[in-house]
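See below for the structure under consideration.
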Amino acid sequence: MKTWRNWLGNVTASPHDLVTPASTSEVVDCVERASRRGERVRVVGAGYAWSPLVPVEGTLLSTARLRAVRRVDVERQQVTIEAGATVRELVDFVTAHGMSVRSPSMFMGLSVGGLLATGSHGTGLDAATFGDAVTSFELVTPDGSVRTVTDVDSPLARALLCNLGALGVVTAVTLQCRPAFNVQEVHAPADIDDVAALIPSMLAENDFVELFWMPPSRRAKFKLGNRTSRPATPVTGRRHPSAGDHFIAGLSPLFPYLAHLRPILDPLAQTVYDRIGTGVRVVSAPDFAHYNQAYPRCISSEFGIPIERAPEAWRWIHGRLRRYGDAGARPVSLIVHARFCGPSRALIAPSAGRATCHLEVLSFHGNEHRHLFGEDFDLVMRSRFDGRPHWGKEIFNPAEAASGYGDNLGVFLDLRRELDPRQRFLNPFLRDQVFGLGRRLRAAPHDRRDAQRTD
Amino acid sequence: MTYAYDHSFAPFVFADRVVLDREALPDLAWVSRVVAGQLRGAVVAGYQRVAGALPERLRGGLAGRALHGAFRRVIPPIPGAVATVGDAEFAWQRFAGINPMTVRAARTLDDLPTRLRLSDAEMASLLGTGATLAQRIAQGDVFVQTYDELRSVTEASLQRGRFVSGGNVLFCRAPEMDAAFEVIPLAIECPSNRPDGLTELVTPRDGARWEAARQMISVADLHVAELCVHLALGHNLVAPFALALRRRLPRGHALRDLLLPHLRYNVFIDHMAWRQGVRSTDGVLITTLGGTASWCHDIARARRVGRTFREMRFEADLRARGLDEHPVEYPYRDDARLVRAALARWVTRWVQWAYPTDASIAHDRDLHAFFEEVGAPDRGNLPGVFEGPRVSGRDELASTLAELLFWGGPFHAMAHYALSAHLEAADANPAYLLRNPLASPVVDLDTARGTAMHKGQLARAHATHVRFGRLGDYEGAAITRHAALATPLADLRRDLDEVEQVIVARNAQRFLPFVHLLPSRLANGVTL
């Protein structure tokens, strides 16, 4: 038996076996061996998910050694890379070849496979999830066969864009990149009461929009970006944080114990907030997207809601957190954060079929009030704003997490059943709580050509 | 000096003392294995004391992880655990877990406790089909598990700070559902703290309350597994035979030669286990459970009181529970039948050799004295070994001896090692709870479970996970001196090898492997 924990330590596992194959053929061997032993298999990338997607008592398959770049085609702006490569490795490689990645995650420590498993994303209405840029998947299926999926509109490809590790092991992908570009970055503070009304115009007038608010501050901040041909000025401390940045992030385990020392804590938290950026400057696309790599010990929940509901949802969050604050509680002790993306082809990504506002709430780990707001947040986002939780972040009500996908969920589950009839690639969290398979009929397969994007 | 009976745990019997008998006392090889087990248990206990003393944050941090890693390098986990982590595992454990002997098929609605007679609406919400409970019963799809033995629990039954309760569980075999295992748990009836005394009905739709109810049942099941399956059946069912062998079968008797490899250590082990493990609440076994010794004794007795050996036989038990011919996947039944068939073939050939005719059985006074000893109320106290007052002939003798060999060896091994594997997954499979997790509106299962650090189950699991000998291995035994039995013995070993392959192949197709009846993991008899 091995032990595994995620980066934060809020998710742990004690699998019978922890394997780290270095090639697709080794992945096949691992999958087949686990099958012979009758063991479940779960895949782990960099281990940054807050939700219990990874724990398994059978075989835990790490992609840590699947990091090679297999092919680059600068003319077609494509790169084929293995699923264990980190976003940093991917971005550094494509940048060196004059390309940029569509909709990468902000944090560069995540693995390519992890982004695909959870439907992760960046910001920008011209892109959706990271996976929407995939033109080809290499998949080791639960029966040990290797498939190459190139029809990006096929139900299987759409399922793989946000696959939760339930369809097998994605070992490599080919990504459609775009030419490298620079971004004029503007940090525009706004009074918290004006933010909601400003969101539509910000989205209409800018290529990239993010929104940050540190409760209970009266000031929020729009981070706006527009493509530009002007030269970028190098920015230190973003993709490569300093020792000081790491030091401050390293203090975060103490923050829950220092909650009463607001005069000390708030400036420290403000430091984290300011790291996002200030003022106006022209930066490279990677510097715009990956602005903070010194992550404090925090925990995040996020919902994807229809983009047109963003102002209303923002008002609700602000109002609710103000009421908590009036009662002396601060359940969101770090940041409320919004990003905006286009509609995804994925079957069960939060942005499936609709332009989406991704609303995130982050707290320092150990926040005693977090759970109160978290359940509140979950219920209201789902029921009032038709929200879908981010699969890689903390999910307060797993039983309802998959409820917002309509027929897409049925298509996904049919594919899953076809590939993995013995449910070897599910753990009890996904099987019982999220999908509730024991309460679902083995329905007649959906007509996958008609699988509607839920718009 | 011979053995006398200790009836203090009636209806069960033990030897009242240990007799210095080379054949009954464990040899050095056995002692060294047991001592190694005790050492492992001590290391586990020591690790848990040290780790348990660490503050929570340190335990989960680098220091704690390093300590755990070092611990696991020295004490690797016991394989084969099925952690009660999901509904499919929970259902599977009823058919392939530590206690596969409580679940029964419901033939009519009357077989179900009143609270488990779900309405049509409740069935529809849980299974999404139109079939009513009565219809599913008629189709043979409904199973129930009731912990009648635990119904008597009161606060006085429990050790301080521990909680165990009974409960009832309703299952439905529903292959039309997209479940990992075809049997799905539908509802659990739990005791509650309601002032009106009504129980609480919990279903999978109840979120955290369902998980808590499932955990309560798992704890109840462990107590029945330990006390009724392992102790009462695995040990105490064959104890009268082990004692009668020494009191009634002279050395050189063919039956003694057959049975001794299977009953060799029982007298010693049962005597020591009773005195050190079971007799009092601070015994090494009872102390890892939730109830007092007195209550645990009552639970163990519950399965035995008023029942004869014939009623407790394997096939009779299956018939009584409606599972002898049921198509449900039931690894305990299906794999046990393979092992039993191999033993039956061997025993039949032995009987044919030892007793060429039925008349030769009739003339064997020692044989009859042996079985009379087993059944006598003031001695073995195990009635109803045969259909009549005596064995009627070779067929009945072979059938009875095969039954005895199964209970004394394979069944005990299954029960014993399944338990230690189960206890290994201490966090998911606690031996007891600290309080009723359903007692308050907000379920806090983690607090109710406590941490494994503060319970003795892991140390006990490692101390007792000691293997010794292998089923069908009679090296050095008197029975191997008979040339006529060489071929049947070799055939037994070949049969068991083939059974092993069949079970391995079955396990590749099962929801989870069931390893506890693999012949390679079975012993001839009780070895701990």
Q | Flag for B:Asp221 being surrounded by 18 or more Cβ atoms within 10 Å (Cβ to Cβ) and of a type outside the set (Lys, Arg) | A | yes
Q: Filter region A:379-399 for residues that are touching a Pro at 6+ places or on another chain (Cβ under 9 Å) and facing another protein chain (nearest Cβ under 10 Å) and give the result.
A: A:Asn397, A:Pro398
Q.
If the requirement is being surrounded by fewer than 20 Cβ atoms within 10 Å (Cβ to Cβ), in a loop (DSSP other than H, G, I, E, B) and touching a residue at least 60 places away in the same chain (Cβ under 8 Å), which of these qualifies: A:Val186, A:Val152?
A. A:Val152
Q: Among the residues of region B:338-364, count how many are under 34 Å from the mean Cα position of the chain (by Cα), farther than 14 Å from B:Asp257 by Cβ and surrounded by fewer than 16 Cβ atoms within 10 Å (Cβ to Cβ).
A: 2
Q: State the number of residues belonging to region B:473-528 that are surrounded by 16 or more Cβ atoms within 10 Å (Cβ to Cβ), among the aliphatic types (A, V, I, L, M) and within 14 Å of another protein chain (Cβ to nearest Cβ).
A: 4
Q) Can you tell me which residues in region B:2-33 are assigned to a helix (DSSP H, G or I) and crowded, with 18+ Cβ neighbours inside 10 Å? A) B:Trp30
**Q.** Residue list for region B:383-433, restricted to those being aromatic (Phe, Trp, Tyr) and either farther than 20 Å from B:Ala523 by Cβ or surrounded by fewer than 18 Cβ atoms within 10 Å (Cβ to Cβ) (or both)
**A.** B:Phe386, B:Tyr432
Q: Mind telling me which of the residues A:Ala196, A:Ala166 ends up being within 30 Å of A:Arg322 (Cα to Cα) and touching a Phe, Trp or Tyr at 6+ places or on another chain (Cβ under 6 Å)?
A: A:Ala196
Q) Between residues in region A:268-285 that are at pLDDT below 70 and residues that are of a type in the set (Phe, Trp, Tyr), which pairs lie under 9 Å by C-beta distance while being six or more apart or on different chains? A) A:Leu268/A:Phe255; A:Ala269/A:Phe255; A:Ala269/A:Phe364; A:Tyr273/A:Phe212; A:Arg275/A:Tyr291
Q | Number of the exception - A:Leu198 against (1) assigned to a helix (DSSP H, G or I); (2) under 23 Å from the mean Cα position of the chain (by Cα); (3) modelled with pLDDT of 85 or more | A | (2)
Q. Give me the pairs: first residue in region B:105-129 and within 18 Å of B:Arg321 (Cα to Cα), second residue of a type in the set (Lys, Arg), beta-carbon distance under 9 Å, and six or more apart or on different chains, which are they?
A. B:Ala105/B:Arg321; B:Ala106/B:Arg136; B:Leu109/B:Arg117; B:Asp111/B:Arg104
Q. Among the residues of region B:282-295, is any under 19 Å from the mean Cα position of the chain (by Cα), crowded, with 21+ Cβ neighbours inside 10 Å, of a type in the set (Gly, Ala, Ser) and more than 22 Å from B:Arg481 (Cα to Cα)?
A. yes
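This table checks each residue for (1) crowded, with 23+ Cβ neighbours inside 10 Å; (2) modelled with pLDDT under 90; (3) more than 14 Å from chain B (Cβ to nearest Cβ).
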| site | (1), (2), (3) |
| --- | --- |
| A:Leu372 | no, yes, no |
| A:Asp407 | no, no, yes |
| A:Phe412 | yes, no, no |
| A:Leu430 | yes, no, no |
| A:Asp455 | no, yes, yes |
Q: Please state which of the following conditions B:Arg115 fails to meet, knowing it meets all the rest: (1) closer than 24 Å to B:Arg319 by Cβ; (2) in contact with a strand residue (DSSP E or B) (Cβ under 7 Å, 6 or more places away or on another chain).
A: (1)
Q) Restricting attention to region B:155-175, does a residue exist that is away from chain A (no Cβ under 14 Å), out of contact with any Ser or Thr (no Cβ under 7 Å at 6 or more places or on another chain) and of a type in the set (Asp, Glu)? A) yes
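The values are calculated or read from the model by the stated rules, or taken from the named source; none is laboratory data. These numbers were taken from a predicted model, which means no experiment stands behind them. Please note: Cβ atoms are built from the backbone with ideal geometry, for glycine as well, and neighbour counts cover all protein chains shown.
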